[in-house]
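*Asks:* Would you mind keeping the following structure in view while I ask a few things?
The values are calculated or read from the model by the stated rules, or taken from the named source; none is laboratory data. In this text the structure is predicted, and so the values were computed from the model without any measurement. No Cβ is skipped: glycine too gets one built from the backbone with ideal geometry, and neighbour counts run over all protein chains shown. Just so you know, the surface numbers come from the protein's heavy atoms only, side chains and all, with ligands and any DNA or RNA stripped out. Shrake-Rupley method; radii C 1.70, N 1.55, O 1.52, S 1.80 Å.
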Amino acid sequence: MLSFKQFDFPPGQDFVPSKETKNFWLYTKKSKRTFGGVALPGLFETVGYPTQMVAFFAILLLEIIPTIYGIEEGVLWQAIAAAIFIDIFLAVVSHIWHDKICKCKNELVNADREVMKEDLKRRISRYTFYTYTFYILILASGILKFYFFYDAYMTPDAIAGAVLVCYLLGAILHIAYTGYFLYTSRFNYKIQSEYSSYVSSGGIAYKDKTGKIIQPLFSEGTTIDAKPDSSGNHHIFKSDDDRLFLETCGIITDKELASLIVRQPFDVQGIIARRGLQRQMEILQIN
């Protein structure tokens, strides 16, 4: 099932989605942010969903309107309808590797050995190649739909050109938005269902069982200074011996992490960004 309602973590609650849902989150669209020269690809966030929704329904109009017109001209509408469903299927399949691409890009940020970096880059290239293969099939499907139309219409005029533009534009929008829209809608359903179970159980189901996790931001003896700060349930604080620690409780979203970073001196933002992402990757693996 799908859900069009997006989820925001309520403040002051210890809800944490299941490992399966956290991993499904990787399929949604992210925004890249750079802090102190360190680029974070995005992990625990979802952006652009309203645009994806509008684009998806625009695609249906772009494909249905010329198809309805084509029926009046004797087009075999069953063939075009089948091609439309094939487009959606191909868009879903092309998105299968997005979670792996997202995870590899985030692992690459903290990879400390060249051989590890090379392995991650090769995996990203391989998964991207698989994705682009299906993108080509989606474009081919758009051309095929136009062929079915033109085979019956047989007139090279402005109407035929407009139909070609509609089908090709629909194919391009499928590539850019359909996979994200459908996978994000599915993610919304999964996390909303788990949160409903959390609420109905009185905060027992999907409760954060790890509690507060406190980790040093810098190695012992480091003289780099940063400011104590808070974002949601997460904090940067100093101990009695002036060591800096990152305290997280539950999911630390990209927005919360960014909020902790941007108020820090520029020369330590990159270090905190790497440490925060490392903690996010640990949270991703917790069941």
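*Asks:* Report, ordered by the first and then the second residue, all pairs with beta carbons closer than 7 Å, sequence separation of six or more or different chains, a first member in the stretch 85-103 that is assigned by the TED database to the domain that holds Arg123, and a second member that is assigned to a loop (DSSP other than H, G, I, E, B) and at pLDDT 95 or above.
*Replies:* Partner pairs satisfying both residue conditions: Cys102/Lys30; Cys102/Pro41.
*Asks:* Pick from the stretch 131-150 the residues that are of a type in the set (Phe, Trp, Tyr) and touching a residue at least 40 places away in the same chain (Cβ under 8 Å): which of them is surrounded by the fewest Cβ atoms within 10 Å (Cβ to Cβ)?
*Replies:* Going through the stretch 131-150, the residues of a type in the set (Phe, Trp, Tyr) turn out to be 132, 134-135, 146-150.
From the residues that got through so far, the ones that are touching a residue at least 40 places away in the same chain (Cβ under 8 Å) too are 134-135, 148-149.
Details: Phe134: 20, Tyr135: 18, Phe148: 20, Phe149: 27.
Restricting to residues being of a type in the set (Phe, Trp, Tyr) and touching a residue at least 40 places away in the same chain (Cβ under 8 Å), the top hit is Tyr135.
*Asks:* If you scan the stretch 151-160, which residues turn out to be open to solvent by less than 50 Å² (accessible area, probe 1.4 Å) and without any contact (Cβ under 8 Å) to a residue 60 or more places away in the chain?
*Replies:* Looking only at the stretch 151-160, we keep the residues that are open to solvent by less than 50 Å² (accessible area, probe 1.4 Å), and these are 152-153, 160.
Across the stretch 151-160, the qualifying residue is only Ala160.
*Asks:* Scan the stretch 16-36 residue by residue and report those that are open to solvent by less than 40 Å² (accessible area, probe 1.4 Å), of a type outside the set (S, T, N, Q) and under 18 Å from Leu257 (Cβ atoms).
*Replies:* Of everything in the stretch 16-36, those that are open to solvent by less than 40 Å² (accessible area, probe 1.4 Å), of a type outside the set (S, T, N, Q) and under 18 Å from Leu257 (Cβ atoms) turn out to be Val16, Pro17, Lys22, Trp25, Leu26, Lys30, Phe35, Gly36.
*Asks:* Of (1) in contact with a Gly (Cβ under 8 Å, 6 or more places away or on another chain); (2) outside any loop (DSSP other than H, G, I, E, B); (3) surrounded by 17 or more Cβ atoms within 10 Å (Cβ to Cβ), Tyr198 satisfies all except one. Which?
*Replies:* (1)
*Asks:* When the residues of the stretch 94-113 are filtered to those that are modelled with pLDDT of 90 or more and more than 12 Å from Tyr127 (Cα to Cα), which remaining residue is most open to solvent (accessible area, probe 1.4 Å)?
*Replies:* Taking the stretch 94-113 as the starting set, the residues that turn out to be modelled with pLDDT of 90 or more are 94-111, 113.
Right, trim to more than 12 Å from Tyr127 (Cα to Cα) and you get 106-111, 113.
Working: Asn106: 3, Glu107: 61, Leu108: 47, Val109: 22, Asn110: 59, Ala111: 11, Arg113: 138 Å².
Ranking the qualifying residues of the stretch 94-113, first place goes to Arg113.
*Asks:* Just need a number here: residues in the stretch 237-279 that are farther than 17 Å from Leu43 by Cα, in a loop (DSSP other than H, G, I, E, B) and either without any contact (Cβ under 8 Å) to a residue 24 or more places away in the chain or small (Gly, Ala, Ser) (or both).
*Replies:* Result for the stretch 237-279: 4.
*Asks:* Same structure, new question: Within the stretch 167-184, is even one residue touching a Ser or Thr at 6+ places or on another chain (Cβ under 6 Å), aliphatic (A, V, I, L, M) and surrounded by 19 or more Cβ atoms within 10 Å (Cβ to Cβ)?
*Replies:* Within the stretch 167-184, none of the residues are touching a Ser or Thr at 6+ places or on another chain (Cβ under 6 Å), aliphatic (A, V, I, L, M) and surrounded by 19 or more Cβ atoms within 10 Å (Cβ to Cβ).
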